[in-house]
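Structure first, then comments.
The values are calculated or read from the model by the stated rules, or taken from the named source; none is laboratory data. Treat the numbers as computed from the prediction; the structure is a model and nothing was measured. No Cβ is skipped: glycine too gets one built from the backbone with ideal geometry, and neighbour counts run over all protein chains shown.
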Amino acid sequence: MQDALPALVLNSEVLPRHAMDETPSSQPNPQGSPVSSDTGVSDERLMLAFSQGSSEAFTELFSRYKQPIYGFFRRRVAEPAHAEELTQETFLALLRAAARYQPRALFRTYLYAIGFKILRAHRRKAAFRAAFFGQTNSAPDPSRKDATESGLWVRSAVEKLDPIGREILLLREFEQLSYAEIADLLRLPLNTVSSRLFRARTALRNLLEPPSSSSKKDATQIVQEPAPQPIAQKGERA
């Protein structure tokens, strides 16, 4: 089955080196998995065909998801090269698991679940290396080198969110997964996903709101206001 892996997966140069590509390669289908306008075949049917030996089906899936999966990792790791490597690992893992594939969920939920496992393993290895070699995490933020000032402002605000809220927000706004898919991926109740997403959006909105001019004026007045003088007691000189 591994012979069916396109040469593109093994060639990192085909993966984008842009800071972030936040637009999925295919639009979500409200009735189920995304469907390509070129083939009209659902992801699940393509994966079933691939599990039965169709290399063309895998090539189509790779074409649909190489950019979204790269973007998924690029928003979560510091180095573009690591995002490329993790993207390749994800498709290699998909290839190895093809014979065991069962369409119990949407294909993209299945694929992002593989991506999450690989991301967690990568983070564990990075934490171990940092602890073993005494290294601190001094790597730049993801895409910092190529991002605009406003992009860095947004990224900095997103990083201040709590981990679960941040992950739900990224999956919804960037990966454009449904609430049900997010709940399945993170193993959370559906109402928890909804409430945490609402809180994350509210917190992000508050973090992105610039301080009002009146607040700055009040703060300046407080700083410049002289300290109150002690009041002389009766019988003492003022």
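Values for this structure:
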read-out: Any hit, segment 32-54, residues being in contact with a His (Cβ under 7 Å, 6 or more places away or on another chain), in a helix (DSSP H, G or I) and at pLDDT 90 or above; value: no
read-out: Given (1) surrounded by 12 or more Cβ atoms within 10 Å (Cβ to Cβ); (2) at pLDDT 90 or above, number of the condition D141 does not satisfy; value: (2)
read-out: Selected residue (criterion: surrounded by the most Cβ atoms within 10 Å (Cβ to Cβ)) from residues of segment 52-86 that are of a type in the set (S, T, Y) and over 28 Å from R123 (Cα atoms); value: T59
